[in-house]
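First the structure, in the form of structure tokens, and then the observations on it.
The values are calculated or read from the model by the stated rules, or taken from the named source; none is laboratory data. Because the structure is a prediction, the values reported are computed rather than measured. All Cβ positions, even for glycine, are placed from backbone atoms using ideal geometry, and neighbour counts span all protein chains on display.
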Ligand SMILES: NC(=O)c1ccc[n+]([C@@H]2O[C@H](COP(=O)([O-])OP(=O)(O)OC[C@H]3O[C@@H](n4cnc5c(N)ncnc54)[C@H](OP(=O)(O)O)[C@@H]3O)[C@@H](O)[C@H]2O)c1
């Protein structure tokens with residue numbers, strides 16, 4: 001039995017992954033944005049050992065979530081799943097002055113990675129849409145570009161791959177990988193999406209708990225339990241360290257050596 005923490009698990013792929021891991025007999029800690037969503041999460045996944053609460057759009061709550069998650073740990077695996085999608089009609093700024101997709105999809109997994117005791121395995125949810133992302137730290141907060149929700153999302157999903165690969169390189173004792181779950185029917189994916197929750201969670205579950213040699217690798221990008229090649233720039237050490245430095249500058253917290 002493994003102990004696994006899944007962020008953004010009140011709904012969609014995170015909830016489905018939590019339920020799948022519980023059904024397989026694992027010990028699972030879930031996460032919801034507020035108390036109401038935590039109640040929903042407990043009702044939907046009554047076997048969860050705990051539900052950590054906090055809005056990952058604010059640095060204060062990211063820190064609080066890290067403290068709660070640390071208390072409920074340690075973990076064999078952490079799945080950084082929480083995310084917001086690609087349909088926002090305009091740029092939204094958080095209380096910290098950050099573009100919201102960047103805060104939730106990139107800075108939150110960065111900060112939780114820094115602050116929660118490192119598990120054996122880390123899984124970061126990316127997307128095939130990362131291929132449309134810009135591999136540059138020129139304007140990550142969208143202050144000088146004309147807004148596009150889908151491009152903002154794509155950028156953050158590219159950064160999720162970069163983050164996974166940066167952690168894999170800096171922490172050789174940890175298995176850190178990125179996953180494209182496929183286009184899956186969730187609130188984010190929409191009702192027209194072809195993939196099921198079963199398809200959309202099996203790669204994360206496999207990477208989190210399997211002893212299959214194929215799952216015990218690091219610094220890879222997966223789709224449907226197979227390694228695929230992400231955008232080449234994600235493997236560049238300078239881009240990886242640039243992202244780590246940028247996030248450290250925003251939060252005052254560096255990735256521990
Ligand atoms: N579905 C797809 O086709 C697809 C494809 C590629 C990648 N992905 C990735 O898979 C992950 C899960 O997506 P999904 O389809 O399951 O999306 P979803 O159905 O919209 O669920 C997202 C989850 O994240 C939570 N969340 C969002 N913002 C949050 C915040 N500020 N604080 C705390 N929790 C927050 C949501 O909580 P609430 O329910 O309370 O809002 C929800 O539990 C995302 O990282 C996404 O980028 C999905």
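General observations
- Some residue of segment 189-202 being buried (at least 22 other Cβ atoms within 10 Å of the Cβ) and more than 18 Å from residue 238 (Cβ to Cβ): yes
- Candidates 84, 78, filtered to the one that is in contact with a strand residue (DSSP E or B) (Cβ under 8 Å, 6 or more places away or on another chain) and at pLDDT 95 or above: 78
- Any chance residue 111 is over 22 Å from residue 12 (Cα atoms), part of a helix (DSSP H, G or I), out of contact with any strand residue (DSSP E or B) (no Cβ under 6 Å at 6 or more places or on another chain) and within 14 Å of the ligand (Cβ to nearest atom): yes
- Residues that are within 16 Å of the ligand (Cβ to nearest atom) and over 13 Å from the mean Cα position of the chain (by Cα) within segment 116-144 comprise 116, 128, 129, 130, 131, 132, 133, listed in sequence order.
- Qualifying residue in segment 219-238 (condition: more than 14 Å from the ligand (Cβ to nearest atom), exposed (fewer than 15 other Cβ atoms within 10 Å of the Cβ) and within 16 Å of residue 123 (Cα to Cα)): yes
- Checked against the criterion of being touching a helix residue (DSSP H, G or I) at 6+ places or on another chain (Cβ under 9 Å), part of a helix (DSSP H, G or I) and near the ligand (Cβ under 7 Å from one of its atoms), segment 183-205 contains one or more residues that satisfy it.
- Qualifying positions in segment 1-43 - part of a helix (DSSP H, G or I), touching a strand residue (DSSP E or B) at 6+ places or on another chain (Cβ under 9 Å) and more than 24 Å from residue 118 (Cα to Cα): 12, 35, 37, 38, 39, 40, 41, 42
- Taking segment 17-27 as the range and being without any contact (Cβ under 8 Å) to a residue 40 or more places away in the chain and either over 18 Å from residue 198 (Cα atoms) or more than 14 Å from the ligand (Cβ to nearest atom) (or both) as the test, the residues that pass are 22, 23, 25, 27.
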